[in-house]
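Visitor: Once you've had a glance at the structure underneath, I'll fire off some questions.
The values are calculated or read from the model by the stated rules, or taken from the named source; none is laboratory data. Since the structure is predicted, the reported quantities are computational estimates derived from the model, not experimental observations. Methodologically, a virtual Cβ is constructed for each residue, glycine included, from the backbone with ideal geometry; neighbour enumeration extends over all protein chains shown. Accessible surface is based on the protein model in full, side chains and every heavy atom, while ligands, DNA and RNA are left aside. Shrake-Rupley method; radii C 1.70, N 1.55, O 1.52, S 1.80 Å.
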Amino acid sequence: MRRWAVGAWAAFVLACIAVVGHATFTADLSAFLPRSPTPAQQLLVEQLRDGVVSRLMLIGIEGAAPEALAQASKRLAVELRKQERFVSVDNGEGVGTGRDRNFLWRNRYLLSPAVTPEHFSASALRERLEEYLQMLGSPAGALVQRILPNDPSGELLHLLEQLEGQVQPATRGGVWFSRDGARALLVAQTRAAGYDIDAQEQALTQIRDAFAQMAADGARLQVTGPGVFSVSSRAAIKGDALRFSLIATVLIAAMLLALYRSPRLLGLGLLPVASGAAAGVAAVSLGFGTVHGITLGFGVTLIGEGVDYAIYLFTQTTPGIAPDRVLDRIWPTLRLGVLTSICGFSAMLFSGFAGLAQLGLFSITGLVVAAAVTRWVLPALMPAGFTATTAAAIAPGVMAVVRRAPALRYPLLLAVILATAVLVARAEPLWSDDPASLSPVPRSDQLLDQQLRGDVGAPDLRYLVVISAGDENTALVASEAVAVQLRKATEQGLLGGYESPAAWLPSRQAQRARQVALPETPVLRVNLRQALKGLPYRQEVFEPFFKDAAAAKNMPLITRASLEGTRLALKLDTLLVKRERGWAAMMPLRGVTDAEGIARSLVAPSGAQAVLLDLKRETGQLYRTYRGEALAHSLLGAAVIVLLLFVSLRSPRRVFDVIAPLAAAVIITACVLALTGGKLSIFHLVGLLLVVAVGSNYSLFFDRQAPAGGDRERTIVSLLFANVSTMIGFGLLAFSSVPVLHAIGSTVGMGAVLALAFSAILSRRDENPR
């Protein structure tokens, strides 16, 4: 039987290693965003992953005189434009401005919303010609002289006003600068999507290498954006996972060597952990398709908890008693502890966060495999006659502490009452509703990103009108209809302005309507002749106008391909995106003063839906919704644990004895976290449930029906050793820079220690053996 167990284990581990060898690993931060948001919110998540916004890198150069910064900006832009990884690099030099103006000039009649039959009447043309006269003496006079013969109706100037009316960065030395002149600015668009972290890292490296080769005296480079955040977050996750795994392995290995003084027992002690980790990664790879880096970081906890099972076996093995008999004695309690742990980790498995679900599957699989290896494989590999002499040596001292521990029951009761009062009487909410607090991006980098976005004039994306439609043209038609409503709202002072994809790609219906609105050449001649009466213009100068208007009536309609090679293509792709099902047009709003009034005025035409999205409110509500679901899952997990205890222990008093120290540990842990760290997150909530799942092992063994003497002493000592290993596994994560790992690690690390201590304090074993 033992040989079959070892053979089956070896085959299983080899299969897991084969799966792990073909696994795909990622650090996509959207895994820790809820996976079932509203359609509008899902659109934003998609844009964060692979939309144009995810491809933008904002570059700042500072630390030198403005003249030197301007030259550095120009040289860096030249170098980056040579690289195939970048679709565009813009720094305000006007590179691409010529292409933009050529596009606007060729298509001015199809683009201009002013093109209506009334726009070409004699009175309207005269009004525009009079404006041209006033502009001839202005700085724009040279441009007016060039375009007047072809465009007396003023379409190009109208489009340029629309383009320049959007928020633009300040300019110095012909390039973009921050308002205070301390930083030169560039915006680079990568060819790869934001979720392609390898490609983003290579693009970031090219930016840094190009800047380093410039040898700009005293100048410093700053780069930010979604892709940069993904690269830095992956590095932080990878670094934490590797560093803490190595530290935990070394510490636990040192502890096992000190306790059992046998290299063979050291290897056997790590066997369940290694097997469980391989199985956990394989399960996540098969279940989710990819393995998140945070899941690997969470593997540190498996090192701490998975080795507990081996410690229970090794510490309680005595000469003359086979390991199988020891396991037969402790297996019912150990199995119940594994089941309670599974119930705790199931709260993560069914979480609305894909990343947490990965952690749940990894942990459950790893613990089950670790327990199975301990139960059926380790006994076959343990040396004959082994006994843990260290356990016997320290047992008297440990038991002396345990016997005195119940004297602290009333102080513990008082501490629980005070902690409960602190949590209930808090002036501010206990739970944080800010998803930004969960970001692994340092606060300093977030502030830099805000500064650079403000410098380049990026719109405030708090308010966004999102239009969903079945096809591209329907989305454009709807955005044109909504633009009319937003224009009225602007006139009423409800907002300061807006952007629309239809400004650069009108719907087919709008373009055809403008072609129809263009009068025939004879009508135009008559209207222009009347408009010119009394004005210092010669009519023959405007012959190009008649030719261009006649050509525009029959020219091909504008498509997305028509914008290729212009900066307007980037703007359009930011506002009009194709989704798995249909299309979405996004209309960022500026200077919103009455969001509710705007929302009430939105009416989309048939075939489309329009909604005003308040990102700040929606993300807060989204987070609260999923926190509620996490709380429900946690309560359900706790309820299942209690039910499991009732079924197994069949005694309300014994169930109370098991649950009481866990409840006390949860309350005091939550109080300490609230007092030292402020508000708690969803991940702290998950950690509190894990305190119950992990701590139940300790309270169960304290409650276990075992005679006093050597057996009980070894049991208590094994709990101490197991608690130290668990504290190492989870406690190390408290030092992680990744919020998910830090929150769970600090919560469970503290709670596990308290659960063991409180199990000893509330134990009735030595008072009244059952």
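Visitor: How large is ³J(HN,Hα), in whole Hz, for each residue of segment 174-189 in order, when computed from phi with the Karplus curve 6.51 cos²θ - 1.76 cosθ + 1.60 and θ = phi - 60°, using x for Gly and Pro?
Guide: 3J(HN,Hα) across segment 174-189, in whole Hz: x, 10, 6, 9, 5, 4, 8, x, 8, 9, 7, 10, 9, 10, 10, 10.
Visitor: So between residue 560 and residue 430, what do we pick up on full extension, going 0.36 nm a residue minus the alpha carbon distance?
Guide: Contour length minus Cα-Cα distance gives 41.8 nm.
Visitor: Now a separate question. Quote the FRET efficiency, to the nearest 0.05, computed for residue 643 versus residue 146 with a Förster distance R0 of 56 Å and r equal to the Cβ-Cβ distance.
Guide: Result of the calculation: an efficiency of 0.10.
Visitor: If you stretched the chain out fully between residue 616 and residue 23, how much longer would it get, using 0.36 nm times the residue separation minus the C-alpha to C-alpha distance?
Guide: Extending this stretch completely gives an extra 209.9 nm.
Visitor: Name the long-range amide H neighbours of residue 151: under 5 Å, sequence gap of 5 or more, or other chain; modelled H, no Pro or chain starts.
Guide: Counting only residues 5 or more places away or on other chains, the set is empty.
Visitor: Taking the Cα centre of the chain as the origin and placing charges on Cβ (Lys, Arg +1; Asp, Glu -1), which of 738, 702, 107 is farthest toward the positive end of the dipole?
Guide: Comparing the listed Cα positions along the dipole, 702 ranks first.
Visitor: Could you work out how far helix 652-677 tilts from the main Cα principal axis of the chain, as a 0 to 90 degree angle to the nearest 10?
Guide: Here the helix axis deviates by roughly 40 degrees.
Visitor: Another one. Could you report the chain's accessible area per residue, 1.4 Å probe, as an integer in Å²?
Guide: Dividing the accessible area of the chain by its residue count gives 42 Å².
Visitor: Give me the angle, in degrees from 0 to 90, between the Cα long axis of helix 323-349 and the longest principal axis of the Cα atoms of the chain, rounded to the nearest 10.
Guide: 20
Visitor: Output ³J(HN,Hα) for segment 129-140: one whole-Hz value per residue in order, computed from phi by the Karplus curve 6.51 cos²θ - 1.76 cosθ + 1.60 with θ = phi - 60°, and x for Gly and Pro.
Guide: In residue order, the calculated couplings are 5, 5, 5, 4, 4, 5, 7, 4, x, 9, x, 8 Hz.
Visitor: What does the extension gain come out to for residue 78 and residue 551, with contour length at 0.36 nm per residue minus their alpha carbon separation?
Guide: Stretched out fully, the residue 78 to residue 551 stretch lengthens by 166.5 nm.
Visitor: For a quick check: with amide H placed at 1.01 Å from N, whose amide H comes under 5 Å from residue 604's, ignoring anything fewer than 5 positions away on the same chain?
Guide: 610
Visitor: Obtain the nm distance between the two label points defined at residue 525 and residue 414 by a simple spin-label model: each point lies 7 Å from its Cα along the Cα-to-C-beta direction.
Guide: 10.6
Visitor: Pull up all non-local amide H partners of residue 492: gap of 5 or more, or a different chain, and H-to-H distance under 5 Å with H placed in the peptide plane.
Guide: For residue 492, whose amide H was placed from the backbone, there are no distant partners under 5 Å.
Visitor: Related question: Rounded to the nearest 500, what is the 222 nm mean residue ellipticity of the chain from helices alone, with -39500 (n - 2.57) per DSSP H run of 4+ residues and division by all residues?
Guide: -21500 deg cm²/dmol
Visitor: For segment 490-546, which GluC sites (Glu not before Pro) are in a loop by DSSP, counting at most 13 other Cβ atoms within 10 Å?
Guide: Here the GluC sites (Glu not before Pro) that fit, given the DSSP loop and packing criteria, are 520.
Visitor: Roughly speaking, to the nearest percent, how much of the chain's 1.4 Å accessible area is carbon and sulfur?
Guide: Answer for the chain is 60 percent, counting heavy atoms of protein chains only.
Visitor: How much net charge surrounds residue 656 when only the other residues with a Cβ under 12 Å from the Cβ of residue 656 are counted, with Lys and Arg +1 and Asp and Glu -1?
Guide: +1
Visitor: With 26 Å as the limit, write out which pairs from 238/571; 82/571; 74/571; 488/553; 488/571; 571/616 have Cα-Cα distances beyond it, or answer none.
Guide: Result: 238/571; 488/553 exceed 26 Å.
Visitor: Further question on the same structure: Loop only by DSSP, 13 or fewer other Cβ within 10 Å of the Cβ. Give me the trypsin sites (Lys or Arg not before Pro) in segment 346-433 that pass, ordered by residue number.
Guide: Listed in order of number, the matching sites are 426.
Visitor: Could you give the distance between the Cα centres of segment 542-599 and segment 611-678, to the whole Å?
Guide: Each part reduced to its Cα centre gives a spacing of 50 Å.
Visitor: About its Cα centre, what dipole magnitude does the chain give when the only charges are +1 on Lys and Arg Cβ and -1 on Asp and Glu Cβ, stated in debye to the nearest 20?
Guide: Computed about the Cα centre, the dipole is about 1620 debye.
Visitor: Between residue 675 and residue 650, how high is the FRET efficiency from 1/(1 + (r/R0)^6) when r is the Cβ-Cβ distance and R₀ = 41 Å? Nearest 0.05.
Guide: 0.55
Visitor: May I ask you to list the GluC sites (Glu not before Pro) in segment 72-155 that are in a DSSP loop and have at most 13 other Cβ atoms within 10 Å of their Cβ?
Guide: Listed in order of number, the matching sites are 84.
Visitor: State the label only: which of (i) 42.7; (ii) 101.3; (iii) 40.1 corresponds to mean projected area of the Cα convex hull in nm² computed from the shown model?
Guide: Correct label is (iii).
Visitor: How many angstrom lie between the C-alpha centres of segment 184-243 and segment 375-427?
Guide: When both Cα centres are located, 48 Å separates them.
Visitor: Show me, for segment 417-422, the HN-Hα J-couplings you get by feeding each phi into the Karplus relation (A = 6.51, B = -1.76, C = 1.60, θ = phi - 60°), rounded to Hz, glycine and proline as x.
Guide: The phi angles translate into 4, 5, 5, 4, 4, 4 Hz.
Visitor: Right, something else. Kindly rank 177-190, 735-748, 333-346 from highest to lowest mean number of other beta carbons found within 10 Å of each residue.
Guide: Per-residue mean Cβ counts within 10 Å order the peptides as 735-748, 333-346, 177-190.
Visitor: Between residue 67 and residue 516, what is the FRET efficiency for a Förster distance of 41 Å, r being their Cβ-Cβ separation, to the nearest 0.05?
Guide: About 0.20, to the nearest 0.05.
Visitor: Report relative contact order for the chain in percent, whole number only (criteria: Cα-Cα under 8 Å, sequence separation at least 6).
Guide: Answer for the chain is 20 percent.
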